[in-house]
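Peer 1: Dumping the structure here so I can ask a few things about it.
The values are calculated or read from the model by the stated rules, or taken from the named source; none is laboratory data. Only a predicted model underlies this, so the values are computations on that prediction, with no experimental measurement involved. Note: ideal-geometry Cβ built from the backbone for every residue, glycine included; neighbour counts use all protein chains shown.
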């Protein structure tokens, strides 16, 4: 089982999770909700990052849970429940982004950038500059094609291992590394080396 | 670019900056890129920029403590829980 990260309320142990999954596979909806709840906050944060729109993320999160429930009987446990659930989430987010790209009035992601708080650890005189840079970063991430955005969100934002992220996306680790690199190159180009290096100094 | 390295060092290095900053290269490959970057301003800057970028992305903290919506399981309940299992037109991965 993947160790719990940000805001994740993991079941007490892998055995507990396995037991809940087994009960869910047998049709116990309470067990499904319990095991899925452990990953819900983190999964929702991923959807927010991928979609950049809260109401759309809420809608997709409900869809993810419904699809997971509908498919739980076919889950054989060859990967972790977490990986399996995230794969559904990434698929559903990609589907939503695809739909959105066909809409003429696609949602602007700038609002998310504007909502980001300044890092309280920054010195006051750098906060405005850093906030601007963070906004530019979020905007650059939002402008990435979905597969690239997904790679950065899973690996760099969520901190998943290359192996986990590659498994969720459904490609080899080598292909994932290459995709991640291409994604970072695009963001780097959008922000500019000078701004990045100054911020990192 | 290095005058002493292999002709394709620059292109190869540019393609492996992410691998380099993550410590994801073998010893020889790491030495190859490091040696090239010492002489190549472009690749040297690339390493610094990539490190700063990843650090900044990792520091995106706007969603810390975000909570999943309360109604995240509503559709399951609305569908009668057990009634619709296993038959989704676009089903989740069979096994993962």
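Peer 1: Of everything in segment A:64-79, what is surrounded by fewer than 20 Cβ atoms within 10 Å (Cβ to Cβ) and more than 7 Å from every other protein chain (Cβ to nearest Cβ)? Give them in sequence order.
Peer 2: Scanning segment A:64-79 gives a single hit, A:77.
Let's see how each residue does on (1) modelled with pLDDT under 85; (2) on the phi < 0 side of the Ramachandran plot; (3) not in a loop (DSSP other than H, G, I, E, B):
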site: B:57; (1), (2), (3): no, yes, yes
site: B:63; (1), (2), (3): yes, yes, no
site: B:67; (1), (2), (3): no, yes, no
site: B:70; (1), (2), (3): no, yes, no
site: B:87; (1), (2), (3): yes, yes, no
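Results for (1) over 17 Å from residue B:75 (Cα atoms); (2) at pLDDT below 95; (3) not assigned by TED's automatic domain parsing to the domain that holds residue A:158, shown as yes or no for each residue.
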{"site": "A:30", "(1), (2), (3)": "no, yes, yes"}
{"site": "A:38", "(1), (2), (3)": "yes, yes, yes"}
{"site": "A:41", "(1), (2), (3)": "yes, yes, yes"}
{"site": "A:60", "(1), (2), (3)": "no, no, yes"}
{"site": "A:68", "(1), (2), (3)": "no, no, yes"}
{"site": "A:73", "(1), (2), (3)": "yes, yes, yes"}
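Peer 1: For segment A:23-63, name all the residues that are at the interface with chain B (Cβ under 8 Å from one of its Cβ atoms) and within 12 Å of the chain's Cα centre (by Cα).
Peer 2: A:40, A:41, A:43, A:44, A:45, A:48, A:49, A:61
Peer 1: Next up: Name the residues in segment A:80-99 that are without any contact (Cβ under 8 Å) to a residue 40 or more places away in the chain and more than 10 Å from chain B (Cβ to nearest Cβ), would you?
Peer 2: A:99
Condition check ((1) surrounded by fewer than 17 Cβ atoms within 10 Å (Cβ to Cβ); (2) closer than 26 Å to residue A:54 by Cβ; (3) assigned by TED's automatic domain parsing to the domain that holds residue A:94; (4) at pLDDT below 90) across all residues:
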| residue | (1), (2), (3), (4) |
| --- | --- |
| A:120 | yes, yes, no, yes |
| A:134 | no, yes, no, yes |
| A:142 | no, yes, no, yes |
| A:155 | no, yes, no, no |
| A:170 | yes, no, no, no |
| A:179 | no, no, no, no |
| A:183 | no, yes, no, no |
| A:189 | yes, no, no, no |
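Peer 1: Filter segment A:40-61 for residues that are touching a helix residue (DSSP H, G or I) at 6+ places or on another chain (Cβ under 9 Å), surrounded by 18 or more Cβ atoms within 10 Å (Cβ to Cβ) and under 12 Å from residue B:72 (Cα atoms) and give the result.
Peer 2: A:40, A:43, A:44, A:57, A:58, A:60, A:61
Peer 1: Output the residues belonging to segment B:12-44 that are facing another protein chain (nearest Cβ under 10 Å) and surrounded by fewer than 16 Cβ atoms within 10 Å (Cβ to Cβ).
Peer 2: B:15, B:24, B:42 - these are the residues of segment B:12-44 that are facing another protein chain (nearest Cβ under 10 Å) and surrounded by fewer than 16 Cβ atoms within 10 Å (Cβ to Cβ).
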